[in-house]
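Q: I'd like to ask some things about the structure below.
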Amino acid sequence: MGLLSNEKLYDTIIVGGSYAGLSSALTLGRSLRNVLIIDSGNPCNKQTPHSQNFLTRDGMPPGEIAKIAKEEVSKYPTIEFYNGFAVNGRKISEGFLIETSDGKSFKGKKLIFASGILDIMHDIKGFAECWGISVIHCPYCHGYEFRNKKTAILGEGDRLVHFTSLIKNLTDDVTLITSGKTVNNVDDIATLKKNGVKVIEKKISEIEHHNGYVTKVIFSDGTAESFEAMYAPVPFRQHCSIPKELGCEMTDTGLINIDSLQKTSVDGIYAVGDNSNPLRSVALAVSSGNVAGVRVNSELSAEMFL
């Protein structure tokens, strides 16, 4: 690993040093590119006990996967790390300048944002404590571990029946909780009923749990029901505001808009991982980082090879 310097011009600055960012760095380091990874050490899955559905690391704690990845990336001498939080960015003649919260600034020809997103927790007692442990968002990441369990789904919206069908494939005991909202679509109601999905429209006041594992849901009317798991898609916001401030287009859902090779609407800026992909998983984050690394190296090579 090279010696950190805020005077040099890096080929690429990567904002975010989890799976996607490290994957980009690995690809670029193997192409002899000078790379700086700026990371604050606050991944969104820090509370999740195990990461599934990632080949060769299935079931391993996510922190251990990230540790192994960083050890591998650190072996490449052109890759440097800076423990900090990127707060500002601007275009300069050489490319871009990134400033951190502790007053440091770094210059790079290209930027890769692997900055992730921040989940916005429901205002329900016990929800945050269970998030990522037994209150989960993805049947592909966690569903197998909760197969055949008594399961609740907290949600509403147009894709509710599709999402419920994914959960029903994993367990027969599924209850949809709409938290005060009414399911008005008669076709949805009929489909849910036909497939044996119970619907509760009462609001949740508390989730009882043991060390993050759901035991019971308490409703606002004082009634309760036991559950062993809950799926709960939650809203989110970008963990880093710099891409938008630099002019990167955003999607209607709040993700960074990218093309098929991870490039944003601003030349020289790329986005990887959860900040630009609605399908959140370690495997997809690693894949997107690799793609961006290839794209950035190709562009850097073309710019030199005139």
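Q: When the convex hull of the C-alpha atoms of the range 215-272 is computed, what volume per residue in Å³ does it have?
A: Per-residue hull volume (Cα only) is 139 Å³.
Q: Which values, in whole Å and largest first, are the semi-axes of the equivalent ellipsoid of the range 1-139 obtained as the square root of 5 times each eigenvalue of the Cα gyration tensor?
A: Sorted largest first and rounded, they come to 30, 19, 11 Å.
Q: Calculate, for Leu118 and Leu306, the FRET efficiency according to 1/(1 + (r/R0)^6) with r their C-beta to C-beta distance and R0 30 Å; round to the nearest 0.05.
A: 0.10
Q: Let me ask another. Enumerate cysteines in the chain without a disulfide-compatible partner, where compatibility requires another Cys Cβ under 4.7 angstrom.
A: So, Cys44, Cys130, Cys240, Cys248.
Q: When ranked by the protection proxy of mean other Cβ atoms within 10 Å per residue, highest first, what sequence do the peptides 32-38, 184-190 form?
A: Per-residue mean Cβ counts within 10 Å order the peptides as 32-38, 184-190.
Q: Further question on the same structure: Enumerate the aspartates and glutamates that Lys202 could reach by cross-link, defined here as Cα to Cα under 20 Å, with residues fewer than 8 away along the same chain left out.
A: Asp123, Glu156, Asp158, Asp173, Asp188, Asp221, Glu225, Glu228
Q: Moving on. On alpha-carbon atoms, Rg over Rh for the range 145-193 using Kirkwood Rh?
A: 0.95
Q: If each DSSP helix of 4+ residues adds -39,500 (n - 2.57) and the sum is divided by the residues in the chain, what number results at 222 nm, nearest 500 deg cm²/dmol?
A: Per the formula, -7000 deg cm²/dmol.
Q: Let me ask something else about it. Starting from 0.36 nm per residue, how many nanometres of slack lie between Gln47 and Val199 once their C-alpha separation is accounted for?
A: Full extension from Gln47 to Val199 adds 51.8 nm.
Q: If each residue of separation counts as 0.36 nm, what is the full-extension length gain between Ser241 and His162 once their alpha-carbon separation is subtracted?
A: Length gained, Ser241 through His162: 25.2 nm.
Q: Counting only Cα atoms, I'd like the Rg/Rh figure for the range 74-138, Kirkwood definition for Rh.
A: The Rg/Rh ratio comes out at 1.16.
Q: Something else about it: Pairs of Cα atoms under 8 Å, at least six residues apart: use those to get the relative contact order of the range 127-231, whole percent.
A: 34 percent
Q: Using 0.36 nm per residue of separation minus the Cα-Cα distance, give me the extension gain between Asn148 and Leu9 in nm, one decimal.
A: Between Asn148 and Leu9, full extension yields 44.6 nm more.
Q: Right, here's the next one. Estimate the FRET efficiency between Glu249 and Asn88 by the formula 1/(1 + (r/R0)^6), using the beta-carbon distance for r and 22 Å for R0, to the nearest 0.05.
A: Approximately 0.65, to the nearest 0.05.
Q: May I pose another question? Run a plain Debye calculation on the range 127-231 (Cα atoms as equal point scatterers, no solvent) and give log10 I(q)/I(0) at q = 0.13, 0.16, 0.22 Å⁻¹, rounded to two decimals, same order as the q list.
A: Reported log10 I(q)/I(0), two decimals: -0.42, -0.65, -1.24.
Q: Would you tally the net charge around Ile112, using a Cβ to Cβ cut-off of less than 13 Å, leaving Ile112 out, and scoring K and R as +1, D and E as -1?
A: +2
Q: If you look at just the Cα atoms of the chain, how large are its Rg and its Dmax in Å?
A: Gyration radius and largest Cα-Cα distance of the chain: 21.6, 72 Å.
Q: Using the eigenvalues of the Cα gyration tensor, what equivalent ellipsoid semi-axes result for the range 188-253 when each is taken as the square root of five times the eigenvalue, whole Å, largest first?
A: Rounded to whole Å, the semi-axes are 35, 20, 11.
Q: While we're looking at this one, here's another question. For Lys110, which lysines qualify as cross-link partners when the Cα separation must be under 29 Å and same-chain residues fewer than eight apart are set aside?
A: Of all the lysines, those that pass the test against Lys110 - Cα under 29 Å, at least 8 places apart if same chain - are Lys8, Lys46, Lys67, Lys70, Lys75, Lys91, Lys244, Lys263.
Each value in this text was obtained by applying a stated rule to the coordinates, not by laboratory testing. These figures come from a predicted structure and were not determined experimentally. For neighbour counting, all protein chains shown are included, and Cβ atoms are generated from backbone atoms with ideal geometry for every residue, glycine included.
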